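A short worksheet on the structure shown next.
The values are calculated or read from the model by the stated rules, or taken from the named source; none is laboratory data. Keep in mind that what you see is a predicted model, and the values were worked out from it rather than measured. Quick reminder, even Gly has a Cβ in these numbers, built from the backbone with ideal geometry, and neighbours come from all protein chains shown. Just so you know, the surface numbers come from the protein's heavy atoms only, side chains and all, with ligands and any DNA or RNA stripped out. Shrake-Rupley method; radii C 1.70, N 1.55, O 1.52, S 1.80 Å.
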Amino acid sequence: MNKLIVNADDFGYCESVNYGIISSYVNGIVTSTTMMANMPGFNHGVKLLQDFDTLGCGVHMTLSCNKPLNDNLKTLVDENGRFHRRINEEIIKCIDLDELYIEFCSQIDKVIKSGVKVTHLDSHHHVHTIPQFEEVIKAILDKYKLPIRGGFKYDFDYEKIVPCIGTFYNKNIGIDYFEKNVEEIKSYEVCDIMSHPAFLESYLLKSTSYAMERVTEHEILTSKEVKNFIKENDIVLTNYKNIY
């Protein structure tokens, strides 16, 4: 019997994202989410979780959206004090790993101190899988002992890694996604499918190009067809806290 974690990334981004994720959990197949500690919807998300404590919640370590929690980290930001929108090779070369460690730990600590029982770690734009950041991620896992989403671009010996299927995104989203990818899902004892369901509001529309697709994701993840397919194929929906 295969176990599947459907993780909704970007919890805390804004209220419409938070509501879309909660709806995808209550009415659909989402079982887990990850919190962005530096985004406008953080406090709203923490409050929502008080009523939905069976939804697993981790930390979505963020290096490429909005601003850092710390205001004295020079190598992580642009001239306006904001994170770089895309982390390319040129930017990676300039990042001070000590600053990166401080910022990621601050984000994790903020979520923990809010009262959320953190279940695992992943990251916005998969930055935790970048080879140059290996030293930082290993230090973070040594400190917090948390499970982490896989997809690493480097060899990493850690017993709490869950394989990631990251193809439920952009042009790949569709009502038949799970049917098309069932063999890959079943090739793992347990895996994590990344998703981004949301409702819409002006902040989301203005701040990201991936907005309307989130509404489509919500529709798919809450559809009766998908829920029945998961059940008929003996795929058990779970989350990180039920595994570790």
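Scanning the range 97-117 for residues that are in contact with a helix residue (DSSP H, G or I) (Cβ under 9 Å, 6 or more places away or on another chain), in a helix (DSSP H, G or I) and open to solvent by 20 Å² or more (accessible area, probe 1.4 Å) yields Leu97, Asp98, Glu99, Tyr101, Lys110, Ile112.
Scanning the range 118-137 for residues that are surrounded by fewer than 24 Cβ atoms within 10 Å (Cβ to Cβ), of a type in the set (A, V, I, L, M) and closer than 11 Å to Phe152 by Cα returns Val127, Ile130. Residue under question is Cys94, and the condition is that it be in contact (Cβ under 8 Å) with a residue 12 or more places away in the chain and either open to solvent by less than 40 Å² (accessible area, probe 1.4 Å) or of a type in the set (D, E, K, R) (or both); does it hold? Against the criterion (in contact (Cβ under 8 Å) with a residue 12 or more places away in the chain and either open to solvent by less than 40 Å² (accessible area, probe 1.4 Å) or of a type in the set (D, E, K, R) (or both)), Cys94 does not qualify.
Name every residue in the range 38-66 that is under 18 Å from Phe133 (Cβ atoms) and either part of a loop (DSSP other than H, G, I, E, B) or open to solvent by 20 Å² or more (accessible area, probe 1.4 Å) (or both), in order of residue number.
Residues of the range 38-66 that are under 18 Å from Phe133 (Cβ atoms), as a first pass: 38, 58-65.
Asn38, Thr62, Leu63, Ser64, Cys65, listed by residue number.
Of all the listed residues (Val190, Val162, Val182), the sole one being touching a residue at least 60 places away in the same chain (Cβ under 8 Å) and more than 14 Å from the chain's Cα centre (by Cα) is Val190. Being of a type in the set (Phe, Trp, Tyr) and more than 22 Å from Lys160 (Cβ to Cβ) is a property that does not hold for Phe133. Looking only at the range 220-244, residues that are surrounded by fewer than 15 Cβ atoms within 10 Å (Cβ to Cβ) and closer than 13 Å to Asn27 by Cβ come to 1 in all.
Table: residues versus (1) within 22 Å of Lys241 (Cβ to Cβ); (2) at pLDDT 95 or above; (3) touching a Gly at 6+ places or on another chain (Cβ under 8 Å).
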{"site": "Met36", "(1), (2), (3)": "yes, yes, yes"}
{"site": "Val59", "(1), (2), (3)": "yes, yes, no"}
{"site": "Leu69", "(1), (2), (3)": "no, yes, no"}
{"site": "Arg82", "(1), (2), (3)": "no, yes, no"}
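Pairs meeting the criteria (first residue in the range 216-237 and at negative phi, second residue among the basic types (Lys, Arg), beta carbons under 8 Å, at least 6 apart or on different chains) are Asn233/Lys186; Ile235/Lys3; Ile235/Lys186; Val236/Lys3; Leu237/Lys3.
Looking across the range 6-37 at every residue that is without any contact (Cβ under 8 Å) to a residue 60 or more places away in the chain and over 9 Å from the mean Cα position of the chain (by Cα), the one that is most open to solvent (accessible area, probe 1.4 Å) is identified as Val26. Residues considered: Ser209, Ser223. Of these, the only one that is over 19 Å from the mean Cα position of the chain (by Cα) and either more than 16 Å from Ser32 (Cβ to Cβ) or among the hydrophobic types (A, V, I, L, M, F, W, C) (or both) is Ser223. Against the numbered list (1) open to solvent by 40 Å² or more (accessible area, probe 1.4 Å); (2) closer than 18 Å to His124 by Cβ, Lys180 comes up short only at (2). Scan the range 122-161 for residues that are outside any helix (DSSP H, G or I), over 24 Å from Cys65 (Cα atoms) and out of contact with any Pro (no Cβ under 6 Å at 6 or more places or on another chain) and the total you get is 7.
Kindly check whether there is at least one residue in the range 188-202 that is open to solvent by 40 Å² or more (accessible area, probe 1.4 Å) and in a helix (DSSP H, G or I).
Of the residues in the range 188-202, the ones open to solvent by 40 Å² or more (accessible area, probe 1.4 Å) are 188-189, 199-202.
If we keep only those that are in a helix (DSSP H, G or I) as well, we get 202.
Within the range 188-202, one or more residues are open to solvent by 40 Å² or more (accessible area, probe 1.4 Å) and in a helix (DSSP H, G or I).
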